[in-house]
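Working notes, beginning with the structure itself.
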Amino acid sequence: MKYFIVTYGCQMNVHESEKIAGILENLGYSEAEKREDADIIVFNTCAIREGAEDRVFGNVGNLKKMKKRNRDLIIAVCGCMTQKENTAKHLMQTFPFVDIVLGTFNLSRLGEFVQKVRMGRQMEILSEGDIDESLPYKRTSGENAWVNIMQGCNNFCTYCIVPYVRGREKSRSQENILNEIKSIIAENKYKKITLLGQNVNSYGNDLSDGSNFASLLKAICELNGDFKLSFMTSHPKDLTDEVIDVIANEEKIEKYIHLPAQSGNDRILKLMNRKYTREKYLSIINKIRAKIPTCRITSDFIVGFPSETEEEFEDTYSLVKEVRFDSIFAFMYSPREGTVASKMEEQISNDVKHNRVNRLLALEKQIQQEDNKR
Ligand code: SAH
Ligand code: SF4
Ligand code: F3S
């Protein structure tokens, strides 16, 4: 019996697909090279922008023929998209041939559901479950081992669906994280360890043992072993001087920070509920560059947030020009049902969003070309 996993979205999902692979291998499945060879196909979905969801609908729809040819083929859809009740229902109605729809909180029950489907039952659950830390992983990212240090997000940036589909922040204990990393080191297969969280800088805020992200980084660097340490994502409001110092001082830590700015305009940043200003963001960049001159810095931007004017977009443009990021991701704002921003008036037209995103990306390309020449 063979499985095939299709992954959308962020590194968190890439890592969770390793969990899905682990669960399926425990059931006796092995990996198929292509989806046509599979007995079970799992879509691990993302809900961050409408485009991500559209792709899932398209790709799941394409399986109808395959399912007709092979009635025993199991199709499962899980991840952030199916954590949203309306979307999960819509998916089940549109594609009655899908066997399993599971939200992010219930991933640990995938094995149980696969067994049930094999006995001829289709079902869906979405209730809050408990994330099971003991699930086996089948690591698939070559020399890099992902390590989750926390779940969820408390920030409620007004455009973002993540807090709704991933729940509140919950840090794993330092002890559990260190044990996982020790066993990764002992395997002797990985050169790099990447810590994952939606906002790694707030690691430990919900723990009572006094540990924070800086102390976690230090504790990991003290472990014996030849590895590089990396992490994502950092929220500017929580990136402390202490963390910058640890990155500067620890040889094992990669000199790289992904620091999403989202906008360069204070009114928009406020509407986004980002809790920092352009000036504060720039002061963090200056601090990083003063302490770690070789540090690569990358960022994310959203253009066309509701009511963003041309002048306000130009503040984002000038921020990119000023900082000269090593690279950026630029996204057109996509309204997500249930978020605060999706209800705001003055939604921006697609044409304007396209125009702004293209200008921002062209600027970044020009900066990269100039820096490469240098
Ligand atoms: N937790 C991370 C990133 C999460 S999502 C952080 O806080 O930085 C990755 C990126 O997707 C975000 O940085 C943002 O730029 C973009 N994004 C999130 N919601 C979006 C939306 N509704 N429309 C367009 N882009 C969005
Ligand atoms: Fe979304 Fe903001 Fe949380 Fe990042 S910090 S996951 S953008 S709510
Ligand atoms: Fe997408 Fe979920 Fe990640 S919405 S970006 S896969 S946390």
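The values are calculated or read from the model by the stated rules, or taken from the named source; none is laboratory data. Keep in mind it's a predicted model, so treat the numbers as computed, not measured. Backbone-built Cβ (ideal geometry, glycine too); neighbour counts: all protein chains shown. These accessible areas exclude ligands, DNA and RNA; they are computed on the full protein's heavy atoms, side chains included. Shrake-Rupley method; radii C 1.70, N 1.55, O 1.52, S 1.80 Å.
Here are the numbers for the structure shown:
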{"quantity": "Top positive-direction residue, dipole computed over segment 225-374 with Cβ charges, set 227, 288, 307", "calculated": "227"}
{"quantity": "Additional length obtainable on full extension of the chain from residue 31 to residue 154, 0.36 nm per residue less Cα span", "calculated": "40.7 nm"}
{"quantity": "For segment 194-234 versus segment 1-64, the gap between their alpha-carbon centres in whole angstrom", "calculated": "29"}
{"quantity": "Rotationally averaged projected area of segment 255-374 (alpha carbon convex hull; nm²)", "calculated": "7.5"}
{"quantity": "In segment 259-289, the trypsin sites (Lys or Arg not before Pro) that fall in loop regions by DSSP, at most 16 other Cβ within 10 Å", "calculated": "275"}
{"quantity": "Potential lengthening between residue 89 and residue 188 on full extension [0.36 nm per residue; Cα-Cα distance subtracted]", "calculated": "31.2 nm"}
{"quantity": "Nitroxide proxy distance, nm - points 7 Å out along Cα→Cβ at residue 318 and residue 109", "calculated": "5.4"}
{"quantity": "Hull volume in cubic angstrom per residue (convex hull over the Cα atoms of segment 312-370)", "calculated": "90"}
{"quantity": "Nearest 10 degrees, 0 to 90: helix 11-26 Cα axis against the chain principal axis", "calculated": "20"}
{"quantity": "Calculated diffusion of segment 90-248, Stokes-Einstein form, Kirkwood radius summed over Cα pairs, 4 °C and 1.567 mPa s, µm²/s", "calculated": "73"}
{"quantity": "GluC sites (Glu not before Pro) restricted to segment 168-246 and DSSP loop, no more than 16 other C-beta within 10 Å", "calculated": "222"}
{"quantity": "Estimated Rh, segment 141-230: Kirkwood, alpha-carbon pairs, angstrom", "calculated": "13.8"}
{"quantity": "Whole-percent carbon and sulfur share, accessible surface of segment 200-245, 1.4 Å", "calculated": "41"}
{"quantity": "Over the chain: Kirkwood hydrodynamic radius from C-alpha pairwise inverse distances, Å", "calculated": "22.2"}
{"quantity": "Solvent exposure of segment 141-230 as accessible area per residue, Å², 1.4 Å probe", "calculated": "42"}
{"quantity": "Separation in nanometres of the label points that stand 7 Å from Cα toward Cβ, at residue 226 and residue 349", "calculated": "6.0"}
{"quantity": "FRET efficiency for residue 361 and residue 337, using Cβ-Cβ distance with R0 set to 35 Å, rounded to 0.05", "calculated": "0.80"}
{"quantity": "Surface accessible to a 1.4 Å probe, per residue, for the residues of segment 255-374, Å²", "calculated": "51"}
{"quantity": "Stokes-Einstein D for segment 2-126, Kirkwood Rh over Cα pairs, 37 °C, 0.692 mPa s (µm²/s)", "calculated": "231"}
